[in-house]
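The values are calculated or read from the model by the stated rules, or taken from the named source; none is laboratory data. This one's a predicted model, so the numbers in the text were calculated from it and none came from an experiment. Positions of Cβ are backbone-derived with ideal geometry, glycine not excepted, and every protein chain shown enters the neighbour counts.
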């Protein structure tokens, strides 16, 4: 039996991990341990550890280290606290796992992984080699890559970048985007069930919005969310479903501005802290298009045949399918792109990130490492 631990710090990485978690849980060759920390344990961000538990998984360890604030000092302090907490955790559990999975580019993930380096923890990194030039997360992702022994990348080009960073072509596996396995295994809601559960009628033309701060230029976020808000208020032919931002620098500023929109929209704009994978992918399936700066627009939306209006620089550098309209946070340009989408509402190209059976392939590789 191989002992596999999963580091999950947020609703976002948990949704990506989900196919792998199911595969590991079902295979008797593996002993699965989930280590939950970050915003999973934050009531302010929806206490999303409940989503893990409701999905039938056991959370073996809970490590609380988040602060309420989102200033640069608060983020830096949260990183330090997370590293401090994990220093004790790895000291007590350094021999308990054969491999520890980490994912992506979050600062709290970086802190947890960095604390494990002196203990020679064996890390396996998902989604290394990518670029997000509008976020400081880009630095964290590459650092996590350097701290990891095994690399499961989402496309060939990202694998080549990992090889450049690590100065080695060993232990790099191009398995595609793991989250896309959800499209084959996750049972989505019907429109009636979505209406009953969330009070949103997806029979109406709907814009799905997810916006996060640009942490490379934090002073601009007030202007950015202002331009977005003006566009959403003007798009009166659509209802708007907003998922609120993550715990990044200036996330509260954006969150507070978005939360003001429903009262000025005639019950047309709706904000949710966390939809969960099932409801989020249901909304993506039935929406008219996606608007924002989330990685979901880059990686998953093409598989749902959806166009994406990708704002700003947060996702700049990531390899893209042909369903993306890239533009600055500008109301006029957003409105022009909406008109283009209305003239050609369905994306018919491919998703460059889809390979299929990513979780199954990871398990096969793990058995043969």
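Values as computed for the structure displayed
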{"read-out": "Sole residue being out of contact with any helix residue (DSSP H, G or I) (no Cβ under 9 Å at 6 or more places or on another chain), farther than 23 Å from residue 213 by Cβ, modelled with pLDDT of 95 or more and not assigned by TED's automatic domain parsing to the domain that holds residue 249, chosen from 124, 147, 163, 115", "value": "163"}
{"read-out": "Matching entry among 245, 262, 218 (being touching a residue at least 40 places away in the same chain (Cβ under 8 Å) and either touching a helix residue (DSSP H, G or I) at 6+ places or on another chain (Cβ under 7 Å) or surrounded by fewer than 23 Cβ atoms within 10 Å (Cβ to Cβ) (or both))", "value": "218"}
{"read-out": "Residue within segment 48-60 that is in the same structural domain as residue 160 (by TED's automatic domain parsing), over 26 Å from residue 243 (Cβ atoms) and touching a strand residue (DSSP E or B) at 6+ places or on another chain (Cβ under 6 Å) present", "value": "yes"}
{"read-out": "Subset of segment 127-162 [without any contact (Cβ under 8 Å) to a residue 24 or more places away in the chain and either on the phi > 0 side of the Ramachandran plot or touching a strand residue (DSSP E or B) at 6+ places or on another chain (Cβ under 8 Å) (or both)]", "value": "145, 156"}
{"read-out": "Answer residue from segment 270-303, given it is under 20 Å from residue 238 (Cβ atoms) and out of contact with any strand residue (DSSP E or B) (no Cβ under 9 Å at 6 or more places or on another chain) and is modelled with the lowest pLDDT among those", "value": "281"}
{"read-out": "Pair list, Cβ under 6 Å, 6 or more apart: segment 225-238 residue farther than 13 Å from residue 260 by Cα, other residue assigned to a loop (DSSP other than H, G, I, E, B)", "value": "227/329; 227/330; 238/205"}
{"read-out": "Pairs where the first residue, in segment 62-83, is surrounded by fewer than 15 Cβ atoms within 10 Å (Cβ to Cβ) and the second is at pLDDT 95 or above and part of a strand (DSSP E or B), C-beta under 6 Å, 6+ apart", "value": "62/36"}
{"read-out": "Given (1) at pLDDT 95 or above; (2) touching a strand residue (DSSP E or B) at 6+ places or on another chain (Cβ under 9 Å); (3) not assigned by TED's automatic domain parsing to the domain that holds residue 67, index of the condition residue 212 fails", "value": "(1)"}
{"read-out": "Of the criteria (1) in contact with a helix residue (DSSP H, G or I) (Cβ under 6 Å, 6 or more places away or on another chain); (2) at pLDDT below 95, which one residue 356 fails", "value": "(1)"}
{"read-out": "Any hit, segment 330-349, residues being more than 19 Å from residue 288 (Cα to Cα), surrounded by 15 or more Cβ atoms within 10 Å (Cβ to Cβ) and in the same structural domain as residue 239 (by TED's automatic domain parsing)", "value": "yes"}
{"read-out": "Members of segment 312-347 that are out of contact with any helix residue (DSSP H, G or I) (no Cβ under 9 Å at 6 or more places or on another chain) and more than 21 Å from residue 217 (Cα to Cα)", "value": "336, 337, 339, 340, 341, 342, 343, 344, 345, 346"}
{"read-out": "Tally of residues being crowded, with 21+ Cβ neighbours inside 10 Å, out of contact with any helix residue (DSSP H, G or I) (no Cβ under 6 Å at 6 or more places or on another chain) and either more than 20 Å from residue 364 (Cα to Cα) or free of Cβ contacts under 8 Å to residues at least 60 places away in the same chain (or both) across segment 15-51", "value": "4"}
